[in-house]
Amino acid sequence: SLVFFSLAQTGATNFSADQWYAGFRGDAPNQKQLQVVGVKNATGHPTLDAFTPANSIADNNWHNVIIVSDNSGNDVEIYIDGSLKTMTIGTCCGGNTHDFFFNDAANVDNAKIGVILRDAFLDYSQFTMDDFCIWNRALSITEIQNITTDPSTRPSSGLVVDYTFDKFEDLGIGNAGINDIKDQAGSNHADAVNGAQLVMH
């Protein structure tokens, strides 16, 4: 399994934690699906547990993944290469496919790319990522398809985080040294990167 992005409650274990995360499940019986999980309910299980169909990503090529979650009251949406995927409820954790958003996990206190931090770091496996962005609004289908065709066309309106992962820099943030990734959106979210390697392609 791979964790693309997470918000979580430090110190709380597994389903006891308030959390919102998106990742890739390649373990049986959850074969090659994207999963979005978030927010614990009264029993400690996630309120949101949405999967794309099996074999949604069945190769090792580059793919564009966009998740739309904005408290609209509908289901969370996952687009792979510009195509909206049908969401189903996960079998491991209960929950539903509804559009819960970051703020629904009230006790989260950290955000991570590539890992989850709850009672410990969970990084599962290595993978390669490029052009990671967060908007504070829902993208339109036209914007999603434009980004899929050409990532450089990503809209600036509402863009709050934009990592191109082009190079490490020393921005004076986090640990000393050339180990910071610049936030191209200008929001100064850069921090020291632990365990990452830049891959030029």
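The values are calculated or read from the model by the stated rules, or taken from the named source; none is laboratory data. What you are looking at is a predicted structure, and each value in this text was computed from that prediction instead of being measured. Note: areas computed on protein heavy atoms with side chains; ligands, DNA, RNA excluded. Shrake-Rupley method; radii C 1.70, N 1.55, O 1.52, S 1.80 Å.
Some observations on this one:
- Relative contact order, whole percent, for segment 15-81 stands at 24, derived from Cα pairs under 8 Å and 6 or more residues apart.
- Accessible surface of segment 1-57, 1.4 Å probe, proportion on carbon and sulfur as whole %: 57 percent
- A straight chain from residue 187 to residue 164 at 0.36 nm per residue would run longer than the Cα-Cα distance by 6.9 nm.
- P(r), alpha carbons of segment 32-124 - 5 Å bins starting at zero, rounded %: 3, 13, 21, 24, 23, 13, 4, 1
- Mean shadow area of segment 12-65 over all directions, Cα convex hull, nm²: 4.3 nm²
- The stretch between residue 86 and residue 132, if pulled fully straight at 0.36 nm per residue, gains 14.3 nm over its current Cα-Cα span.
- Mean sequence separation of contacting Cα pairs (under 8 Å, at least six apart), scaled by the length of the chain, corresponds to a relative contact order of 19 percent.
- Estimated at the nearest 10 Å², the accessible area of residue 24 is 40 Å² with a 1.4 Å probe.
- The shape of the chain can be summarised by an equivalent ellipsoid whose semi-axes, obtained from the alpha carbon gyration tensor, come to 25, 21, 17 Å from longest to shortest.
- The phi torsions of segment 51-67, fed into the Karplus equation with coefficients 6.51, -1.76 and 1.60 and a -60° offset, translate into couplings of 10, 7, x, 4, 6, 5, 10, 10, 9, 9, 7, 5, 9, 9, 10, 10, 10 Hz, rounded to whole numbers, with Gly and Pro shown as x.
- Rolling a 1.4 Å probe across the protein heavy atoms gives segment 38-170 an accessible surface of 54 Å² per residue.
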